[in-house]
Amino acid sequence: MNTIKTGLLLGALTGLLMLIGGYFGGKQGVVIAFIFATAVNFGAYWFSDKLILRMYNAQEVRESQAPQLYVIVKDLALKAGLPMPKVYIVPGDTPNAFATGRNEDHAVVAVTEGILRMLSREELEGVLAHELTHIKNKDMLIGSIAATLAGAIVMLANMAQWAAIFGGSSRDDSEEGSGVIGLIMMAILAPIAATIIQMAISRSREYLADEGGARVSGKPYGLAGALEKLSRASQAVPMEANPSTAHMFIVNPLTGKSLMKLFSTHPPIEERVARLRSMKPM
């Protein structure tokens, strides 16, 4: 169901891009915005793993340095049918984890020092299986596609804003005032709509990663317990995280407080836990 939802949401982003481009710049406006957004996000997709690892001072570890962590990742990767990813540890007490890398052959799983101290082995297996599922489901690629479409929409909206300021409109509209109002509304509403859809895609991928992680580890209760612990810890000791990378973590690393639901990159922890506890151990 969440896979279908993701497809529909990506389709909605595409439709919104075409609608705005047709209104403002016609086919040429859509093409220019899409090419620009693609170029920007292609670079982000290709180099984001190096950037985020450097941002959080993550250090790669070998089996001899973190034997239990390494063995868990290796066993779960085998169960998931994935190549062994690189394993990194992020310094810091706040427990959290994320996956990055442009594809299965260049994947990274990173965990904080805090998560290694806080979680039991069963809970840690659930978290790592969740991150491996993100890799298997190609969520980094899907996120890049969504970001490209949303970025193109925002770019067109900015163009509409400038056109409205200078009293221009690309349409042959006999009522110039009406055309300007339309451009202003587009400039305001289009980025909001694109952001809402992009965040909904992120939430749907989290649900899929929870389900897939529970199946890979065979311990849905372990992941459920881990999410509860991580949520409480995030509320007590928020992580010093860049907001642009918050969607990558298994739980929101910023404040732990619920943002407006439509604009949240993560589903409510209560809903995620309830879904996991409704699954039978495998």
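The values are calculated or read from the model by the stated rules, or taken from the named source; none is laboratory data. As the structure is a computational prediction, the values presented were derived from the model and not from experiment. All Cβ positions, glycine included, derive from the backbone under ideal geometry; neighbour counts span all protein chains shown.
When the stretch 78-93 is filtered for residues that are touching a helix residue (DSSP H, G or I) at 6+ places or on another chain (Cβ under 7 Å), among the aliphatic types (A, V, I, L, M) and more than 28 Å from residue 232 (Cα to Cα), the ones remaining, listed by number, are 80, 82, 84.
In summary, residue 254 fulfils each of the numbered conditions (1) at pLDDT 80 or above; (2) over 22 Å from residue 153 (Cα atoms) with the single exception of condition (1).
A Cβ distance below 7 Å, combined with a sequence gap of six or more or placement on separate chains, defines the contacts here; from the stretch 67-92, residues that are touching a residue at least 60 places away in the same chain (Cβ under 8 Å) reach residues that are crowded, with 18+ Cβ neighbours inside 10 Å and in a loop (DSSP other than H, G, I, E, B) in the pairs 92/239.
Any idea which of 230, 208 is at pLDDT 85 or above, of a type outside the set (Val, Ile, Thr) and within 17 Å of the chain's Cα centre (by Cα)? Before you say what the answer is, go through the steps one by one.
Values: 230 fails: within 17 Å of the chain's Cα centre (by Cα).
Sole residue among the options that is at pLDDT 85 or above, of a type outside the set (Val, Ile, Thr) and within 17 Å of the chain's Cα centre (by Cα): 208.
Condition check: at pLDDT 80 or above, surrounded by 15 or more Cβ atoms within 10 Å (Cβ to Cβ), of a type in the set (A, V, I, L, M) and part of a helix (DSSP H, G or I). Does residue 190 satisfy that? No; evaluated as a whole, the condition is false for this residue.
Just one of the numbered conditions (1) at pLDDT below 95; (2) under 25 Å from residue 266 (Cα atoms); (3) crowded, with 20+ Cβ neighbours inside 10 Å is not true of residue 21: (2).
The requirement of being of a type in the set (Lys, Arg), modelled with pLDDT of 70 or more and either within 30 Å of residue 275 (Cα to Cα) or surrounded by 15 or more Cβ atoms within 10 Å (Cβ to Cβ) (or both) is not satisfied by residue 5. Of the residues making up the stretch 68-96, those that are closer than 16 Å to residue 217 by Cα and either within 18 Å of the chain's Cα centre (by Cα) or crowded, with 16+ Cβ neighbours inside 10 Å (or both) number 8. Considering the stretch 97-111 alone, what residues qualify as being in contact (Cβ under 8 Å) with a residue 40 or more places away in the chain and on the phi < 0 side of the Ramachandran plot? Result: 97, 98, 99, 100, 102, 106, 108, 110, 111.
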